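Here's the structure we're looking at; comments come further down.
Every number in this text was worked out from the coordinates using simple rules, so none of it is lab data. Note that the coordinates shown come from a computational prediction; the quantities given were computed from them, not determined experimentally. Cβ atoms come from the backbone with ideal geometry, glycine included; neighbour counts cover every protein chain shown.
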Amino acid sequence: MKAMKLSRTASSCLSLLLKPYSSFKCTTTMATTAKISEGMKTVDETDVGISCFISQLPGFRGILKQRYADFIVNEVDMDGNVVRLTTLDVSPEMDVKEEDKTKSSDNEPQSYASAIESFRSISTVTDAERLETLVNQVTSGTDGDILPVVLDPSSDKSKRTAIHNFVKENFKFLVTDTVDGPDSSSKCIRVRLNSGGHNSRGNKSRKRKERGDKPFDSRGSEHWPEHVGKFVKFHLYKENKDTQEALGLIGKMLGVQPKSFGFSGTKDKRSVSTQRVTVFKQQASKLAALNKRLFGIKVGDFCNVKEGLLLGQLMGNRFTITLRGVVADSEETIKKSAESLGKYGFINYFGLQRFGSGSVPTHHVGAALLKGEWKDAVDMILDPREINEAREYYKETGDIDGTLRQLPRYLVAERAILQCLKKCPGNYLQALKGIPRTLRMMYVHSYQSYLWNNAASLRVQKYGTNQVALGDLVSTKVDDAKRTVGSVTSEQKENNEETLDCDQLDDTAVVDLPGERSDLVKVVGKEDIEAGTYSTSDIVLPLPGSRIIYPSNDIAEVFHDLAKKDGISLTESIHGVKEFSITSMTGGYRRVFQKPIDFEWELLTYTDSNKPLAETDLYRITMEKPVDKVGEIEDESMKSDTNPPETDLKDQTDSKKDEKDTGNQDSEQTQLALKMALTLPSSCYATMAIRELLKTSTSVAYHKTLN
């Protein structure tokens, strides 16, 4: 940990900003700060088991995410490198590869005469002529629609199969399917243009059923050079947008499906973040060209790779967090709190983001799913909240079509449920299964997180934070590299119905350690206590599932007691739907205490609340480019965050006299900010580190009241 020291002049300036903090102090439960105003529906940290701290130091006031540029997130890859956006340009080497690809796929004419001749051996002369006519229409670039051809009927299935395979292997731009013949005993093969396979014709005008089996991202990919990696890896920079929203927009512009993209984890929406993304068989130059059209998003640092990214393939994230409007009893209070965070860390709770922002927390929906109460779960998801007129309209009228017209596109779960209910009225289970898997599993995983948080609080209350207790669960001394690989690959090997993959929706992994690796955890015995083999940093608690063990002390009881109060059994399933059953999930383990890595902090003063106090990746790029090029990449969404950060405290103090001389009234509004940089594993919430500092709620509603 590095503590940034203040100069004597800066310290004297700081003393003018420090105020009594007695009115802001809170209890360890923070019950008063989380209840923002009467009637406001918001999740309280105590409602989800977040109630303890490591240090007993007093807290202080600070505004979290007053501006989204106050929360900068840079992904850390598996090699420990911090991912940054450093260039928006495509390297000359990649341009050459793209030219090679274009030449091989578009410019070289290809004759299909030999293939047509071979086709005659497995079909009739008439069929071969029909196929030849279709091929000539396609290759000659005929204007207008190219109609499919239907081959002669045949009752010989093996012959039809041979024709299907022949067309697939020899005519990449065509697809085949089977249609009914003139009588019940025969079938006909229909051959048509693959809308995704030749010159991208008809992609946007044809319905999905007419496109055949190939997705959009197969366009132009048949002749991809073998020596070039099939994936383009790039760095995605975004401001105030979540990962899926950003990739959805990029995919729409490229004309590719969302599944073409790979990424290791999502980042907070209200932030400035940079992360790695891969896309299947796309030209880097096409991606780079989007920068002029993208709003609040930039892409760069392109390279070709052989494999796409998968969820969990990251070491963690590097955070640069600025707390504005800091008010504390003294400079010493801030200093001691920061040093304590660096030395002892924080309780590794699942943060409020895990439990949603609506009036019905996601773990309540998860409890209903685990109990098989499908209608209740649907009602909770569709519950009117945040003054949403569409949900209120549905509740009052039950008009699905009218509600769908009003529902915003980003309400994916609600739209999926209503569309399924429209097709199958009353089938609530099927409606729930209509929600994308990663989204619907979030509800069950949030209930696991709810149990874990409560267990962690009881562990701290009973045994403290500075010693390992008899019966604790600890991670064993396994090589870190081996542990990391295990935590990624073990979950990927699971059947789809069992995989814990909920974290497309937030930036945390469900587990730190894989459940099936019994050698990774053990129960602490007397001999371990006497030998001092383990420290508090080794303590873990389980996320309930079929392949985990519980502590042998009384902490295990909280899992079962809380679940029993909710009418849930952690050892038996009351319904046969595996994905909504804890007994069909592997479970996992999570560290109770976490220390920030490479922790740095400094105190700053500022007068302009709209001015950034930390440099973003895009700001660094624009400062390095010539003025004329900067203008080309800049857009309105970026301007506020590409301004130079305010100078440090000493520089501002030196200019204080000049401000007074010019009559600048902003000098009377000088405020204090705490700027921190820290790295956390992918399983950790930075907001919980901030909570340890401030001793106040981290809810968005609470911090809005401080502005």
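So which GluC sites (Glu not before Pro) in region 231-326 end up in coil per DSSP with only 12 or fewer other C-beta atoms within 10 Å? Write out the running numbers ahead of the final one.
Working: sites: Glu239, Glu245, Glu307; in loops: Glu307.
Passing sites in region 231-326 are Glu307.
Going by how many other Cβ atoms sit within 10 Å of their own, how do Lys241, Lys704, Lys371, Lys306 line up, fewest first?
Numbers: Lys241 23, Lys704 12, Lys371 17, Lys306 8.
By the 10 Å Cβ count, ascending: Lys306, Lys704, Lys371, Lys241.
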Most packed first (mean Cβ within 10 Å per residue), the peptides 253-263, 130-140 order as 253-263, 130-140
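Specify, per residue and in Å³, the volume enclosed by the convex hull of the alpha carbon atoms belonging to region 355-433. Write down the numbers at each step before the final one.
Numbers: hull volume 6.7 nm³, N = 79.
Convex hull volume per residue, Cα atoms: 85 Å³.
What FRET efficiency comes out for Lys336 versus Lys611 if R0 is 25 angstrom and r is the Cβ-Cβ distance? Round to the nearest 0.05. Numbers along the way, then the final one.
Numbers: r = 29 Å, r/R0 = 1.15.
After rounding, the FRET efficiency stands at 0.30.
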Using only Cα atoms, figure out Rg for region 273-380 and give it as a multiple of 2.2 N^0.38 Å. 1.68
Sort Trp452, Trp374, Trp601 so that the residue with the fewest other Cβ atoms within 10 Å of its own Cβ comes first and the one with the most comes last. Trp374, Trp601, Trp452
Please compute the modelled spin-label separation between Glu396 and Lys259, points set 7 Å along Cα→Cβ, answer in nm with one decimal. 4.1 nm
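Order 442-451, 612-621 from most to least packed using the mean count of other Cβ atoms within 10 Å.
Going by the mean number of other Cβ atoms within 10 Å, highest first, we get 442-451, 612-621.
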On a C-alpha basis, how far is the centre of region 516-588 from the centre of region 315-390 in Å? Whole number, if you could? 23 Å
Among the listed pairs Lys238/Lys695; Lys252/Lys286; Lys335/Lys611; Lys172/Lys433, which have their C-alpha atoms separated by more than 23 angstrom in this model? Lys238/Lys695; Lys335/Lys611; Lys172/Lys433
Spelling out what I want: for every residue of region 588-598, take phi, set θ = phi - 60°, compute 6.51 cos²θ - 1.76 cosθ + 1.60 (Karplus), and round to whole Hz; glycine and proline get x. x, 9, 9, 5, 7, 10, 9, 9, x, 9, 6
List the residues, sorted by chain then number, that are 5 or more residues from Thr86 or on another chain and whose placed amide H is less than 5 Å from its amide H. Asp301
Just want the ordering: Cys424, Cys188, Cys52, from fewest to most Cβ atoms lying within 10 Å of their own Cβ. Cys424, Cys188, Cys52
Please give the length that would be gained between Glu169 and Ser186 if that part of the chain were fully extended, namely 0.36 nm times their separation in residues minus their C-alpha to C-alpha distance (nm, one decimal). 3.7 nm
